[in-house]
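Take a look at the structure set out below.
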Amino acid sequence: MNARALALHSPRAVREALIAAGWDAVRADAAAEGSAPAALQLTGLELPALVALVRYTQELGIDLVTGDDWALLSGSRARLGALARPWTVPPELAGIAEAVGTVLAPSPPTHWLTATGSIALDQPVIVGILNVTPDSFSDGGRFVALDEALAHADRLVAEGAAVLDVGGESTRPGNEPVSEAEEIRRVAPVIEALAKRHASIPLSVDTVKAAVARAALSAGASIVNDVSSFRLDPAMASVAAAGSAGVILMHSRGSVATMARLDHAQYPSGVATEIVAELRLAVDAAVTAGITPDRIVVDPGFGFAKSAEQNLELTDGLAALAVLGRPVLVGPSRKRFLGSVTGRDAPDRDVATAAACVVAYERGARLFRVHNIAATRDALAVAHAVRHGH
Ligand code: PMM
């Protein structure tokens, strides 16, 4: 008889042990996913439900800590999943089963649909940033002229960007608002030229304005990246739906002028918890407007209405976003919270960015919006190879 410990932070060890024991890959994958650890907290419980919960979790082998009207449950995903079936749980727990079902994350999507086809998410996807603003904080607006923007895009693609995100308005605090016409003038020609030059690279437009999104989509963009999650322009969702665009719904609070500040950085229920709740509303609104869920990517919005500490807490808690059932994109690139940790200025934060992306990858993110492709690409290639063996 031998005993050996298996690592649970990824499905790999359990999967490989079962395959070595003769299981086929499909059953081994399912069992490995089911053995992943999960925990959740229930609050506002009535006494009969609490009593039933104590008895039933014991039967299921779920660890339980309780208080007056709350319970913290932990165990494998498979065990907690059993608690999520209203038709098998005791009647006192039927309401709980539904609630548990909504917070147990489904399997992550394998593809993201955009207007020009589908993006596979089995490998980390790097989204290269092409800011065509005169005031972007990190590249200083060096790529405003068309030929310079194209040369920079060539470099991003050569280094491994799978998507290019073109933005014509900065969210830097205190920036001058950009008119619709000016923003279109900045982004549309770049997108049109890129669509010809890099026909196989999906193009995204980073805007909160429906008119800009419309112009970008007709110039050849296939994704709308809205840092306001469609909050700021009521026409945005229908423009994205009409164009069959992929969409990135990023969490933020406030207007373009205030969203990168701390005016709205209050998260009494926890940063990740509140972001999940707000992104859930954004996803539901987008679906109601006719955008199919397979076109939606969510983004926790690093640096937007979040202090340095909140960005770090969010990075640690990122796995909570999996409950939304949508692919997760992160954009920590060169942001101030990485400066607070490392003491470095924006242009020198690429190593810190790569580290943040690896941590986010380990917590479920699959798309990474960055300025410097090379550093992050290598870091993610290592993280991916460790997890999958190739
Ligand atoms: N950050 C910025 C702009 N657009 N879009 C998404 N989806 N996520 C982000 O984190 C994000 C964004 C601000 O950074 P930049 O000025 O360096 O582009």
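What the table shows:
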quantity	calculated
Test item: Cα-centred dipole of the chain, Lys/Arg +1 and Asp/Glu -1 on Cβ, debye	580 debye
Of all DSSP beta bridges in the chain, antiparallel share, percent nearest 5	35 percent
Acute angle (nearest 10 degrees) that the helix 94-103 long axis makes with the longest principal axis of the chain, alpha-carbon atoms	40 degrees
Furthest towards positive pole of dipole, 207, 95, 218, structure part the chain, Cβ charges	218
Cα lying deepest toward the dipole's positive end in the range 153-252, options 250, 166, 227, charges on Cβ	166
Using alpha-carbon coordinates, inclination of helix 47-60 to the longest axis of the chain, degrees	80 degrees
Estimated 222 nm signal from helices in the chain, with DSSP H stretches of n ≥ 4 weighted -39500 (n - 2.57), rounded to 500	-13000 deg cm²/dmol
Backbone N within the range 59-82 under 18 Å of label point (7 Å from residue 316 Cα along the Cβ vector)	none
Rounded to 10°, Cα long-axis angle of helix 210-219 versus longest principal axis of the chain	70 degrees
Cα lying deepest toward the dipole's positive end in the chain, options 105, 339, 25, charges on Cβ	25
Size of charge dipole - the range 144-292 - debye, nearest 20, with Cβ of Lys, Arg +1 and Asp, Glu -1, no other charges	160 debye
Amide H contacts of residue 206 (H built 1.01 Å from N, under 5 Å, at least 5 apart or other chain)	166, 167, 168, 225
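Readers should treat all values here as calculations from the given coordinates under stated rules, not as data from a laboratory. Everything quoted here is computed from the prediction, not taken from an experiment. Positions of Cβ are generated from backbone atoms using ideal geometry, with glycine treated the same way; all protein chains shown enter the neighbour counts.
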